[in-house]
Amino acid sequence: MSDPTPYTPPAIWTWTPGHGGKFANINRPIAGPTHAQDLPVGRHPLQLYSLATPNGVKVTVMLEELLALGHTGAEYDAWLIPIQEGAQFGSGFVAVNPNSKIPALLDRSGPEPIRVFESGAILMYLAEKFGAFLPTEPARRAECLSWLFWQMGSAPFMGGGFGHFYAYAPTKIEYAIDRYAMEVKRQLDVLDRLLAERPYVAGEDYTIADMAIWPWYGAMAKGQLYEAGEFLQVHTYTHVIRWADEIAQRPAVRRGRMVNRTWGDPASQLHERHDASDFDTLTQDKRA
């Protein structure tokens, strides 16, 4: 069906601030800081600046999994970056991530701080730093990294594409929604066929590929993204649902999903995390 209001692009595109729906204020066509704002620094080796979007959850799950394995060097402070308030455009955050997107990590464990940005890069950096959740045998490592990068390349179709036009765009455009719905369903089918043959994405072992994919595709298969479960008939992807449910039961995943979360059930929100005991405090507050 044709768009009822055909659009002819002008010869030169110009930016209209505020035009673009719910999240219009977090996007602009230029980079760099909009204001001076230093980032806070806690006492732990790793400083995470994030929000519990799917990309943010990847990293907090990884950190909690590392701590569960006994890697004390993975202790971290997780600082909340409220992106709808423009905190990602502060000078301190831009210095850690010039792309002004969460999550961003600063590793202060060595003589000089190391910045790491892009969620997939952070997962890979931490896996190599601690020697965990990334196979070392060449074929298994290649399989894991292939699926990690599959997620990094595919999720923008789910988030910025389908999610934007289906849930957030100020105008519902049939062509755009159909185009991205088709691609999201194709991706879910790719994953469902894979998980019909193996327990985890990269094979027999739980890896950073699962941590990267679960917050996006696990949530979508469980109908937790964009309220689009019925529309996409996500219940048909039974192998993805099996995998998503199993990962959701991991204690470290449960903890990681709570960090930097500011919406939903208050009992699921830990706005900032500076010590493992913060989870106990949240449980006590819930009981109170």
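What follows draws every value from the coordinates through simple rules; no lab data is involved. Just so it is clear, the model here is predicted, and its values are computed rather than measured. In this analysis, Cβ positions are derived from the backbone assuming ideal geometry, glycine residues included, and neighbour counts consider all displayed protein chains.
Evaluating 6.51 cos²θ - 1.76 cosθ + 1.60 at θ = phi - 60° for every residue in the stretch 256-272, the Karplus couplings come out as x, 5, 7, 5, 6, 8, 10, 9, x, 4, x, 5, 9, 10, 10, 4, 9 Hz, glycine and proline recorded as x. Once backbone amide H atoms are built at 1.01 Å from N, Gly203 has no partners under 5 Å, excluding neighbours fewer than 5 places away on the same chain. Stokes-Einstein diffusion for the chain at 10 °C, viscosity 1.306 mPa s, with a Kirkwood radius from C-alpha pairs, works out to 79 µm²/s. Between the stretch 43-119 and the stretch 142-189, what's the alpha-carbon centroid distance in Å? That distance is 25 Å. Comparing Gln37, Ile173, Ala87 along the charge dipole axis of the chain, the residue lying farthest to the positive side is Ile173, per the Cβ-charge model. A simple packing score, the average count of other Cβ atoms within 10 Å per residue, orders the peptides 106-116, 78-88 as 78-88, 106-116, with the highest score first.
Global size of the stretch 138-249: 14.0, 48 Å for Rg and Dmax (C-alpha atoms, Rg to one decimal, Dmax whole).
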